Structure formats: C-alpha cells, structure tokens
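These notes concern the structure reproduced below.
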Amino acid sequence: MKALWIKIKRFLKSLSFRTGVICMLACVVFYIISFAVIPLSISASLRTILWIIFFGLAKTTQYVGIIILGKEGVNRLKRALRKRRNS
C-alpha cells in the first residue's frame, strides 16, 4: 500500500503548476457548491448526501492540488495573490 501511495504522489508531483492551480480552483468551486446545497428546499437526506459528496470532492481536490503544487508552488501562488491584492 505504501508503494502505491509513493507512485501516486510521484505522478501528481510530475504535473505542472498550472494543473495544480486548476485543482485549487476546482476545490473552491466544490466548497461553494457544497454549502450552496444547504438552503435548497429538498429533503434533508438528499441535502446531506449532496453535501457529503461535494465536500469530499472539495477536500480531495484541495489535497491533490497541494501535492501537485508542492511547497514552492504554494509559495508562488501566495506571492501572486498578494501582488494582485496590492495592485
């Protein structure tokens, strides 16, 4: 199992910075959808199922995006966001 995890991690790290940013944007979209489901007028059980699915997708894409970006990529993204905010 550990060897499989290492292979997956190596594959994800080989992806580009742009792919990591796209994953992080997808994460934001899934978070928004997961909480937008709550006020809908549908049954509570369906709301719960949809929330679990979209929140799980948000967490998954968040961790995958972080693995793809790595430490330097996350720092690069933070610098870009700060620069954009100050402009």
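Quick notes on this structure:
- Taking 25 Å as the straight-line reach from the Cα of Lys59, the lysines in range (excluding those fewer than 8 positions away in the same chain) are Lys2, Lys7, Lys9, Lys13, Lys71, Lys78.
- Helix 17-36 axis, angle to the chain major axis (alpha carbon atoms, nearest 10°): 20
- Probe 1.4 Å - accessible area at Lys83, Å² to nearest ten: 150
- Placing pseudo-labels 7 Å out from each Cα toward the beta carbon at Ala44 and Ile22 gives an inter-label distance of 4.1 nm.
- Ellipticity estimate at 222 nm from DSSP helix runs (n ≥ 4, -39,500 (n - 2.57)) divided over the chain, nearest 500: -30500 deg cm²/dmol
The values are calculated or read from the model by the stated rules, or taken from the named source; none is laboratory data. Keep in mind the model is a prediction, meaning the values are calculated, not measured. Virtual Cβ from ideal backbone geometry, glycine too; neighbours counted across all protein chains shown. Just the protein is used for accessible areas: all its heavy atoms, side chains included, with ligands, DNA and RNA removed. Shrake-Rupley method; radii C 1.70, N 1.55, O 1.52, S 1.80 Å.
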